[in-house]
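What follows is a single structure, written as structure tokens, with notes after it.
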Amino acid sequence: MSATNACPRILVVDDEAHLRELLEITLIKMGLDVDSAENISHARSYLAKKTYSLVLTDMRLPDGSGMELVAEVNALYKSTPIAVITAFGSADNAVVALKAGAFDYVSKPVALDQLRKLVRSALDMNEVALKGPQTPEAAQVIPDSFLIGRSAGMQAVREQISRLARSMAPVIITGESGSGKELAAREIHCRSARANKPFIAVNCGAIPETLMEAEFFGYRKGAFTGAADDREGFFQAANGGTLMLDEVADLPLAMQVKLLRAIQERSIRKVGATAEEAVDVRIISATHQNLSTCVAEGRFRQDLYYRLNVIELHLPPLRERLEDIADLSAAILNKLSTDTIHISDAALHALSGYDFPGNVRELENILERALAFANDSCIQVVDLAMRGKQKIDYPLQDDVVITMPERIENAPQPLISNLLSSAELPCSLPAFLESIEAEMIRRALLQTNNNRTQAAELLGISFRQLRYQIQKLKIQE
């Protein structure tokens, strides 16, 4: 069957005749063709003869388990999504099925609205797959990927994301701070059938505990002091799309309980409301912490951990893919400036010799600073504030240490000697170095009658660098 010129066909596998009939009627009313099977053997015969846009199977069947069918469909009919019907309260079975490769699940008694959403998601996913790359060569290259790099590690990540985009299973993204976890979450969303729906990213560590429930679930007018109007929460804002829970390990235990219920029941209750409302949200979590350790220490609920950690995507740190530095640098500079900015081979070599504890975020910070110092639209090693293969130790947001050459006449040697020979260590090393730096700049300006261009030449730095330091150190000319 061609999905482009024929009506999508669904295979329903369940041993309860009345449930099969209910599902058939619902799906036919949606304009779909339906085949029904009462056991695994019957389902296999259908699958061998026809192509399906979705297989919907019960977990308990007379001649085996629905998990067997999940495994077979994933192995033999890779382009066919399969969803499972679980018994009421069998949340663990749903997690097991999702881990095994099930596209999604619906619980008994089957809520028809939820079933329709599941079916539409599967059909949308098939449509997205048909529009995707048609050749292995094209599939290896993702020109519009948020995750830049040709290293083996990043290629593996992108391949895994392509598979994750074909499922509605919860995903947890792990990796060090600055490694690109939110970008990976956005890519999963953009490559999924939910791409045209909202993507809402929430930093769980940035919300005060007293406001958490209202922020996540919304509230009714008058629910508390200051609630002047009804307000939607993060779940409602992401309805139909994806909700990313960044730094999920920072959630307090009381909120973890409420989040678990919302994920399991696929419904939320606003603060001050008496009734629950259904929500259709795919959950993607992210953390730089080890969640299993958090569970062992009692800081994170084990049941929520298993709910979120259905599929794990790990992002490698930048130090493990230094071959991507050139591509990353080009992309970052293109984002930072509308002008064409080059980076010298020596500067790239210097960057490639650094281990980047702050990962891609730190690389972006270094390049943004270097861009302010660069001359002739080309970033050199000196602009990076690095010495050899070791970056100078300075706070990422505030300080740039300049190497002061021996070119200034009447340099303040007594001042430096006195400071260095002091028996006491300085209370603040950055302040100590700034005082020396400021004095050197003042003397250079004095020697050149406040001619910044000449002062910069004496100091062996660029005019931009000098101007930046004068502003930062608040030097009066």
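The values are calculated or read from the model by the stated rules, or taken from the named source; none is laboratory data. Quick caveat, the model's predicted, so the values are computed rather than measured. Please note: Cβ atoms are built from the backbone with ideal geometry, for glycine as well, and neighbour counts cover all protein chains shown. Note: accessible area is taken over every heavy atom of the protein model, side chains too, but ligands, DNA and RNA are not part of it. Shrake-Rupley method; radii C 1.70, N 1.55, O 1.52, S 1.80 Å.
Points worth noting:
- For HIS314, residues with placed amide H under 5 Å, excluding near neighbours: THR174
- Of CYS294, CYS378, the residue with the largest accessible area leads and the full order is CYS378, CYS294 (1.4 Å probe).
- Only beta bridges with both residues in segment 1-77 are counted; by DSSP, about 20 percent of them are antiparallel.
- Distance between segment 34-60 and segment 269-304 - C-alpha centres, whole angstrom: 34 Å
- Cβ-based charge dipole, the chain, positive-most Cα from TYR52, ILE343, LEU27: LEU27
- When peptides 50-61, 439-450 are sorted by average Cβ neighbour count within 10 Å, with the highest value leading, the order is 50-61, 439-450.
- Magnitude of the charge dipole for the chain, about its Cα centre and with charges confined to Cβ atoms of Lys, Arg (+1) and Asp, Glu (-1), is about 660 debye.
- Summarising the label geometry, the points placed 7 Å from Cα in the beta-carbon direction at ASP124 and ALA372 lie 4.3 nm from one another.
- Residue ranking by accessible heavy-atom surface, 1.4 Å probe, largest first, among SER267, SER352 comes out as SER352, SER267.
- Helix axis angle, 112-131 relative to the chain longest principal axis, alpha carbon, degrees: 60 degrees
- Given the choices (1) 35.0; (2) 22.9; (3) 30.5, mean projected area of the Cα convex hull in nm² derived from the coordinates of this structure is entry (3).
- Helix 359-373 and the longest principal axis of the C-alpha atoms of the chain enclose an angle of approximately 40°.
- Pairs from the list LYS197/LYS258; LYS78/LYS197; LYS117/LYS197; LYS335/LYS474; LYS221/LYS270 with a Cα-Cα gap above 22 Å: LYS197/LYS258; LYS78/LYS197; LYS335/LYS474.
- Rg [Å, one decimal], Dmax [Å, integer] - segment 253-395, C-alpha atoms: 22.3, 65
- Cα-based radius of gyration of segment 319-359 once divided by 2.2 N^0.38 Å, which approximates compact folds: 1.18
- Length-normalised contact order of segment 24-126 in % [C-alpha pairs under 8 Å, at least 6 apart]: 23 percent
- Label point 7 Å beyond Cα of GLU297 along Cβ direction - residues of segment 250-279 with amide nitrogen under 20 Å: 250-257
- Summing +1 for each Lys or Arg and -1 for each Asp or Glu among the other residues whose beta-carbon sits under 10 angstrom from that of ILE82 gives -2.
- Couplings for segment 12-29, taken from phi via the Karplus curve 6.51 cos²θ - 1.76 cosθ + 1.60 with θ = phi - 60°, read 9, 10, 7, 8, 8, 4, 5, 6, 4, 5, 4, 5, 4, 4, 4, 6, 5, 5 Hz in order; Gly and Pro are left as x.
- DSSP-defined beta bridges in the chain - what % are antiparallel, rounded to 5: 15 percent
- Relative contact order (%) - the chain, alpha-carbon pairs under 8 angstrom, separation at least six: 10 percent
- By the rule of a C-alpha distance below 14 Å, with chain neighbours fewer than 8 residues away ignored, the aspartates and glutamates paired with LYS49 are ASP35.
- Residues THR340, THR225, THR80, THR453 ordered from highest to lowest accessible area at a 1.4 Å probe: THR225, THR340, THR453, THR80.
- Here the scattering of segment 133-282 is modelled by Debye summation over its C-alpha atoms, one equal scatterer each and no solvent; at q = 0.12, 0.14, 0.15, 0.16 Å⁻¹ the log10 of I(q)/I(0) is -0.58, -0.74, -0.83, -0.91.
- Taking amide H as placed 1.01 Å from N in the peptide plane, the amide H of VAL13 sits under 5 Å from that of ALA37, LEU56, THR57, ASP58, each at least 5 places away or on another chain.
- For the pair SER41 and LYS472 in one chain, pulling the backbone fully straight at 0.36 nm per residue adds 147.6 nm over the alpha carbon distance.
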